[in-house]
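Structure, as structure tokens:
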Amino acid sequence: MKIISLVPSATEILCAIGLEDSIYGITHECIFPTTIKKKKIILSTKINFKELNNIEIDTLINKNGKNIDSIYILDIDEIKKIQPDYIITQDLCGACSITPKEINEIASNLKKKPQIITMSPKSIEDINQSIIDLSSKLGSPKKGIELVSQINTEIKDVLSYTKNTVDRPRVFCMDWMNPIFSAGHWITEMVHIAGGQTMETKNNASIKITFDELLNFAPNYIFIMPCGYDIERTTNEINLLLENPELNKIPAFNMGQVYIVNANEYFSKPSHRIVEGIKIMTKTINRQSFKYEPHPDAILNLQNYIHFESFAG
């Protein structure tokens, strides 16, 4: 069986259910587990997004609009060589990958027609179902059921600490720094499981908000998690946020409860690894009662970072 995964979250799931050896092609964004990096990159971009900041990326995405496919490079020759049995894509976010429509057009011209699997989870339940569906279609249903059972067990363990929380702190998850976006989809559920309450968004999707809306929400905790960013990249661009002189009007900033998290590993991707993101949030909100030690690359207190940078010069 030969699989091409054009979705980083799907790549993570495939490896978790024991199908890493069946993956013959990935995207440039597939980085976990580390052994996956030896696979052939089928999908990349014409633009090096790592050289652009939040503002520049937002401008580029808005400029391209419906023509976002034009920034991606799909190695069609390599796909023809591989002759995959399955190609996994997504249609949740137009800025994250090429569309299923283009994949179908390419697949229709192959001698061997691969099955196209489209994944578009918007909630934790959807993530679980996508794992079940994917593992079933690829002949490993038992592995998928086991992974979902593990996810649900770990979430249940967290809920045993938080489900009866009455005075829930207001938690804002910042999906983008400039402009400011409020994270939606499974992120809102993660906050609730962790013991917090979050800003309501239309259709539960990530939305752009004004600074006044953030002020009015008055969050007690802020998790800065630009989509696809790790902590290092976020800190490199943090001045795009810190240049606002009114940040201290927000309770979370005033009380030093603003955290940069590794979004790319534990929050942005709809895979089983969001469980670690839930634990990171839970530990932060329930520091005294919840026993969990985050990975060193998982979370950074913004106030401590600023103090260190000031001290280090």
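The values are calculated or read from the model by the stated rules, or taken from the named source; none is laboratory data. Bear in mind that the values here come from a model prediction, so they are computed numbers and not experimental data. Cβ: placed from backbone, ideal geometry, glycine included. Neighbour counts: every protein chain shown.
Remarks
- Being more than 22 Å from ASN220 (Cα to Cα), at pLDDT below 95 and surrounded by fewer than 18 Cβ atoms within 10 Å (Cβ to Cβ) is a property that does not hold for LYS142.
- Scope the stretch 146-170; condition more than 18 Å from SER123 (Cα to Cα) and hydrophobic (A, V, I, L, M, F, W, C); matching residues: VAL166
- Looking across the stretch 184-203, the residues that are buried (at least 23 other Cβ atoms within 10 Å of the Cβ), touching a strand residue (DSSP E or B) at 6+ places or on another chain (Cβ under 6 Å) and of a type outside the set (S, T, N, Q) come down to ILE187, VAL191, GLY196.
Conditions tested, residue by residue: (1) touching a Lys or Arg at 6+ places or on another chain (Cβ under 9 Å); (2) free of Cβ contacts under 8 Å to residues at least 24 places away in the same chain; (3) more than 17 Å from ASP175 (Cα to Cα).
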position: PRO219; (1), (2), (3): yes, no, no
position: ILE222; (1), (2), (3): no, no, no
position: LEU241; (1), (2), (3): no, no, no
position: GLU246; (1), (2), (3): no, no, yes
position: MET255; (1), (2), (3): no, no, yes
position: LYS269; (1), (2), (3): no, no, no
position: GLY277; (1), (2), (3): no, no, no
position: ASP297; (1), (2), (3): no, no, yes
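- Checking ILE187 against (1) touching a Cys at 6+ places or on another chain (Cβ under 9 Å); (2) outside the structural domain of VAL261 (by TED's automatic domain parsing); (3) not aromatic (Phe, Trp, Tyr), the condition it does not meet: (2)
- Residue match in the stretch 165-185 (condition: within 22 Å of the chain's Cα centre (by Cα) and in a helix (DSSP H, G or I)): no
- Of all residues making up the stretch 256-313, the number that are among the basic types (Lys, Arg), part of a loop (DSSP other than H, G, I, E, B) and at pLDDT 90 or above: 2
- Scanning the stretch 139-160 finds one or more residues that are more than 19 Å from ASP21 (Cα to Cα) and touching a Ser or Thr at 6+ places or on another chain (Cβ under 7 Å).
- Residue match in the stretch 5-21 (condition: among the aliphatic types (A, V, I, L, M), farther than 27 Å from LYS208 by Cβ, in a strand (DSSP E or B) and in contact with a helix residue (DSSP H, G or I) (Cβ under 7 Å, 6 or more places away or on another chain)): no
- The listed residue being of a type outside the set (Val, Ile, Thr) and surrounded by fewer than 12 Cβ atoms within 10 Å (Cβ to Cβ), out of SER268, SER206, SER289: SER289
- Within the stretch 149-164, the set of residues being surrounded by fewer than 13 Cβ atoms within 10 Å (Cβ to Cβ), more than 23 Å from the chain's Cα centre (by Cα) and in a helix (DSSP H, G or I) comprises just one member, SER160.
- Qualifying residues in the stretch 193-212 (those that are under 18 Å from the mean Cα position of the chain (by Cα) and at pLDDT 95 or above) - the one farthest from ILE285 (Cα to Cα): ILE193
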